[in-house]
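Written below as structure tokens is the structure these notes are about.
The values are calculated or read from the model by the stated rules, or taken from the named source; none is laboratory data. For clarity, every value in this text was computed on a predicted model and none was experimentally measured. Neighbour counts are summed over all protein chains in view; Cβ atoms, including those assigned to glycine, are modelled from backbone coordinates with ideal geometry. With ligands, DNA and RNA removed, areas are computed over all heavy atoms of the protein, side chains included. Shrake-Rupley method; radii C 1.70, N 1.55, O 1.52, S 1.80 Å.
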Amino acid sequence: MRTRLASLLAVLGLSLAVAACSTPLEKSILPEITFEGQPKLTFAASSVETILEYQPTAQPPHIELAIPQPPASVATRWTRDRIALDNSQQNRVTVVVKKASVTEVDLKKTPGLRGSFTEDQVARFDTEVEMAVEVRDARGFRVGEAQASARRSNSISEKATLNDRDRLIHALVRETMMDVNRELERNIRQYMPLYVR
């Protein structure tokens with residue numbers, strides 16, 4: 001009886017161990033990248049649009065279509081969060097997303113016996129964003145323009161989890177967009193003072 005009980009407990013323990021191993025890792029939920037806490041850039045204009053010149057792609061090494069918040073989407077959010085209109089003139093504000101890429105490049109591992117004792121960086125992620133803000137008058141002539149661009153890179157360890165990877169890419173996109181946000185506001189105020197408050 002005691003042997004049967006021990007066997008049953010062993011089988012139960014093994015079943016629980018297998019179940020624990022097969023439980024999927026919960027995917028981390030990352031906050032939406034926004035610019036809501038920042039003051040509006042109020043333009044002397046009556047309309048605004050965002051033009052995506054850059055088309056996100058899944059063509060390697062690009063991974064824009066495989067991440068939850070690609071830079072092109074965050075750039076569109078920038079227009080909604082940062083730009084306001086006072087309707088004082090028949091001008092049109094156009095935000096042009098010229099570049100919004102995220103790439104993943106595999107890195108070489110340390111070869112041989114040394115590689116067994118080395119924690120390698122196995123991939124590098126690169127982000128690049130370029131944006132422009134234009135003001136055109138009622139006739140369609142461009143009367144003001146400001147541009148900004150930013151690049152960032154970071155690598156990931158072979159011991160990183162999928163959640164670590166997601167967090168790293170999310171931070172890269174956020175930081176790159178915040179760089180562009182700061183430079184774009186500075187250049188708008190410098191080069192377009194007649195059209196923004």
About the Cα centre, and with charges only on the beta carbon of Lys, Arg (+1) and Asp, Glu (-1), how big is the dipole of the stretch 56-158? Nearest 20 debye, please. 260 debye
Evaluate the distance, in nm, between pseudo-label points positioned 7 Å from the Cα of Asp86 and of Ser28 along their respective Cα→Cβ axes. 4.3 nm
What are the extents of the Cα atoms of the stretch 72-197 along their three principal axes, in Å, largest first? 70, 21, 20
How big, on average over all directions, is the shadow cast by the Cα convex hull of the stretch 137-197, in nm²? 5.9 nm²
Relative contact order for the stretch 144-197 using alpha-carbon pairs under 8 Å, separation at least 6, rounded to a whole percent? 59 percent
For an R0 of 30 angstrom, estimate the FRET efficiency from the Cβ-Cβ distance between Ile51 and Leu107 and round to the nearest 0.05. 0.30
If you roll a 1.4 Å probe over the stretch 44-166 with all protein chains in place, what percent of the accessible area is carbon or sulfur? 48 percent
Sorting check: for 35-43, 128-136, 73-81, which peptide has the highest mean count of neighbouring beta carbons within 10 Å, and how do the rest follow? 128-136, 73-81, 35-43
Could you name the lysines whose alpha carbon sits less than 28 Å from that of Lys109, not counting residues in the same chain fewer than 8 places away? Lys27, Lys159
Can you compute the radius of gyration and Dmax for the stretch 123-164, using only the Cα atoms, both in Å? 18.9, 58
Cα gyration tensor category, rounded, prolate or oblate, for the stretch 24-83 with a/c compared to 1.5: oblate
